[in-house]
Amino acid sequence: ADERAVLKERIKRLLKEKQAVLVAHYYVDADLQDLAEETGGCVSDSLEMARFGRDHSAKTLVVAGVRFMGETAKILSPEKTILMPDLDATCSLDLGCPADEFTAFCDQHPDRTVVVYANTSAAVKARADWMVTSSIGLDIVKHLHEQGKKILWAPDKHLGSYIQKETGADMLLWQGSCLVHDEFKGVELDLLKAEYPNAKVLVHPESPANVVAQADVVGSTSQMIAAAVNMDADTFIVATDNGILHKMRQAAPGKTFIEAPTAGNSATCKSCAHCPWMAMNGLQNLADVLENMKNEIHVDPAVGVQAKRSIDRMLDFAA
Ligand code: 13P
Ligand code: SF4
């Protein structure tokens with residue numbers, strides 16, 4: 001514990017010295033989330049991380065999350081220095097949607113409006129018409145559907161089919177998935193609900209359909225936290241990365257949060273629902289990165305300009 005306290009103090013000093021700001025996601029280490037808040041940075045979902053980074057006056061942002069979050073920050077603010085604790089922190093959705101295959105897929109369907117999830121590379125965003133995050137994807141597709149547009153959606157198949165069901169839009173889906181959320185189990189969730197009949201179920205829409213179907217609230221990480229605070233219930237079953245429980249417990253003290261079942265955590269594994277790439281962010285590598293101003297994110301400027309158009313569409317829609 002002492003070692004962590006020393007590292008936290010060192011990071012606070014370095015953030016000041018380097019005039020940098022820390023932007024963290026709810027799935028990273030609890031100490032990093034607290035540090036971000038204590039030092040005037042932010043901890044939030046993908047949409048708010050993007051907006052906060054864009055609007056902050058600091059010249060250097062340290063993004064504690066996964067690569068697409070750092071790239072989005074760079075695309076929105078090419079003049080800023082964007083650092084990440086570990087540049088190898090990727091995402092199974094990003095890995096499962098290579099730009100060349102995705103471009104070929106889009107080329108085969110020129111009549112469709114291309115909507116991609118934030119969890120993609122800069123090159124994939126550059127090929128898209130719109131980028132969306134989990135907090136606003138539903139509203140944007142609804143809007144496009146009302147305009148009579150047919151959609152090509154990538155990469156998350158669960159989020160895509162959830163939005164398809166809710167909006168009735170004509171959506172052609174790329175078949176990607178998140179390796180964390182894909183593991184939540186509908187039958188086991190049903191059994192757990194029977195044990196806690198008064199619990200409300202909060203589900204991230206990257207989860208499989210038979211899990212989403214049992215939700216009281218489906219939403220982004222920020223929306224799930226807001227529901228935990230605002231809903232009139234004492235107990236919640238939470239189907240998303242368990243890094244989120246730190247903020248839920250802080251924001252709604254006295255309420256009880258239970259992890260939704262995955263294949264592993266029922267028997268052998270106590271923390272299966274944790275993203276291995278989010279877990280690469282730690283106090284030590286954060287301190288090292290700040291000390292040496294290393295691990296900078298670069299995005300090809302031409303690709304960045306193209307990708308920015310699809311991100312700006314979302315931010316303008318959200319405004
Ligand atoms: P949010 O935008 O809901 O924070 O989701 C990001 C993510 O990677 C979920 O797995
Ligand atoms: Fe990607 Fe899933 Fe990790 Fe989120 S939790 S970064 S979607 S692999």
Under a Cβ-Cβ cut-off of 11 Å, what is the net charge of the residues other than residue 27 that fall near it, where Lys and Arg count +1 and Asp and Glu count -1? -2
So between residue 150 and residue 100, what do we pick up on full extension, going 0.36 nm a residue minus the alpha carbon distance? 15.8 nm
What is the ratio of the Cα radius of gyration of segment 66-220 to 2.2 N^0.38 Å, with N the residue count, to two decimals? 1.12
For segment 181-259, what is Rg from Cα atoms divided by 2.2 N^0.38 Å, rounded to two decimals? 0.97
Compute the Rg/Rh shape ratio of segment 93-178: radius of gyration over Kirkwood radius, all on alpha-carbon atoms. 0.92
In the chain the DSSP beta bridges are antiparallel at a rate, in percent to nearest 5, of 5 percent
Dipole magnitude of segment 181-259, debye to nearest 20 (Cβ charges: Lys/Arg +1, Asp/Glu -1, about Cα centre): 280 debye
Can you tell which of 244, 189, 231 lies farthest toward the positive end of the dipole of segment 181-259, using +1 and -1 charges on the Cβ of basic and acidic side chains (Lys, Arg; Asp, Glu)? 231
Computed about the Cα centre, the charge dipole of segment 93-178 from +1 Lys/Arg and -1 Asp/Glu charges at the Cβ has a magnitude in debye, to the nearest 20, of 120 debye
Scalar couplings 3J(HN,Hα) for segment 70-75 by Karplus 6.51 cos²θ - 1.76 cosθ + 1.60 (θ = phi - 60°), nearest whole Hz, x for Gly and Pro, are x, 5, 4, 4, 5, 4
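Taking the Cβ of each residue in 167, 221 as the centre, tally the other Cβ atoms inside 10 Å and list the residues starting with the fewest.
If I rank by nearby Cβ atoms, fewest first, I get 167, 221.
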So what is the calculated 222 nm ellipticity per residue for the chain, using -39500 (n - 2.57) for each DSSP H run with n of 4 or more, over all residues, to the nearest 500 deg cm²/dmol? -13000 deg cm²/dmol
Considering amide H positions built from the backbone, and no H for Pro or chain starts, which residues 5 or more places from residue 43, or on another chain, come under 5 Å of its amide H? 24
Both in Å, the radius of gyration and Dmax of the C-alpha trace of segment 30-107 are 14.1, 47
Taking the Cβ-Cβ separation of residue 288 and residue 170 as r and a Förster radius of 41 Å, what is the calculated FRET efficiency to the nearest 0.05? 0.25
Can you give the relative contact order of the chain as a percent, counting alpha carbon pairs under 8 Å and 6+ residues apart? 22 percent
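In segment 181-259, what is the count of Lys pairs whose alpha carbons are under 17 Å apart, counting only pairs at least 8 residues apart or on separate chains?
Close lysine pairs found across segment 181-259: 5.
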extent check for the chain: Cα max minus min per principal axis, descending, whole Å, gives 52, 52, 34
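Throughout, read-outs are computed from the coordinates displayed, never taken from laboratory work. What you see is a predicted model; the values in this text were computed from it and never measured. Here Cβ is always computed from backbone atoms with ideal geometry, including for glycine, and neighbour counts include all displayed protein chains.
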